1. Connecting C-alpha atoms closer than 10 Å in a GNM of chain B, tell me which of B:Ser71, B:Ser12, B:Ser61 has the biggest fluctuation.
2. Based on Cβ point charges of +1 for Lys and Arg and -1 for Asp and Glu, what charge dipole magnitude is obtained for the protein assembly as shown about its Cα centre, in debye rounded to the nearest 20?
3. Averaged over its residues, how many other protein chain Cβ atoms are within 10 Å of peptide A:93-104's Cβ atoms?
4. Compare the Cα positions of B:Tyr32, B:Asn104, A:Thr112 along the charge dipole of the protein assembly as shown (+1 at Cβ of Lys, Arg; -1 at Cβ of Asp, Glu; about the Cα centre) and return the one farthest towards the positive end.
5. Per residue of A:31-40, how many C-beta atoms from partner chains lie within 10 Å of its own C-beta, taken as a mean?
6. To the nearest Å, what is the center-to-center distance of segment B:1-35 and segment A:7-24, using C-alpha atoms only?
7. Heavy atoms only, probe 1.4 Å: what % of the accessible area of chain A goes to carbon and sulfur, would you let me know?
8. Keeping every protein chain present and rolling a 1.4 Å probe, give me the accessible area per residue for segment B:1-45 in Å².
Amino acid sequence: DGGITQSPKYLFRKEGQNVTLSCEQNLNHDAMYWYRQDPGQGLRLIYYSQIVNDFQKGDIAEGYSVSREKKESFPLTVTSAQKNPTAFYLCASSIGVSLTDTQYFGPGTRLTVL
Amino acid sequence: AQKVTQAQTEISVVEKEDVTLDCVYETRDTTYYLFWYKQPPSGELVFLIRRNSFDEQNEISGRYSWNFQKSTSSFNFTITASQVVDSAVYFCALSEAWNSGGSNYKLTFGKGTLLTVNP
């Protein structure tokens, strides 16, 4: 079945450690996104990628980094520079970044920094 | 700047009641899209509907219906005869260009409405 997978579902890390969240899609979508969700808040865009080897900062990119070496994969690294990394992270993909393109989401990764 | 407001933080109903979730948006664009997503307790966002700014016809899909009124910048979502499985957080989102005249678009989400349907 086509879809978006994120792993792991739950992740615990010590403060000061970098951590990488995985996102894979087999929908043949060009565009991929990372969002952060905090309790009682909407989703905020961290980074997005229109196409392989290209990515752009979203609204809250500080303390995060991404790569897009393959069309199917868009890993997110939460660095030690991110001051409040504990959150729920959602990955999404869409055919493109045009107005009409619908984003489809993965199951999310809940990161807790101890 | 665009903005999406979901004024209802939480709603609680009893099964079989009808419930309407409100969404009000602000945008300077004349062409835009509006979306509704459902986030059940499992966490994944599930796409429900997409509506463009030129189509104000109401849409019905089973127990779900959407009322888009451009004059009041609202895109409300009604669930008829609610069921326990409808319990979730519902997000309204607006798609518009990153920059004026740009070709890249992003979604701006409201803060969501937590709907609890009690048996």
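The values are calculated or read from the model by the stated rules, or taken from the named source; none is laboratory data. None of the values given here were measured: they were computed from a predicted structure. Here the Cβ is made from the backbone with ideal geometry for all residues, glycine too, and neighbour counts use every protein chain on show. The area values use the complete protein model at the heavy-atom level, side chains included, leaving out ligands, DNA and RNA. Shrake-Rupley method; radii C 1.70, N 1.55, O 1.52, S 1.80 Å.
1. For chain B, modelled as a Gaussian network with Cα springs under 10 Å, the answer is B:Ser71.
2. Result for the protein assembly as shown is approximately 560 debye, rounded to the nearest 20.
3. On the way: counts 0, 2, 0, 3, 8, 6, 12, 6, 5, 8, 9, 5.
Mean inter-chain Cβ contacts per residue within 10 Å come to 5.
4. A:Thr112
5. Numbers: counts 2, 0, 2, 0, 3, 0, 7, 1, 0, 6.
Mean number of neighbouring Cβ atoms from other chains: 2.
6. 32 Å
7. Working: 2620 of 5480 Å².
About 48 percent, which is the carbon plus sulfur part of the accessible surface.
8. Numbers: 2470 Å² over 45 residues.
Accessible area per residue: 55 Å².
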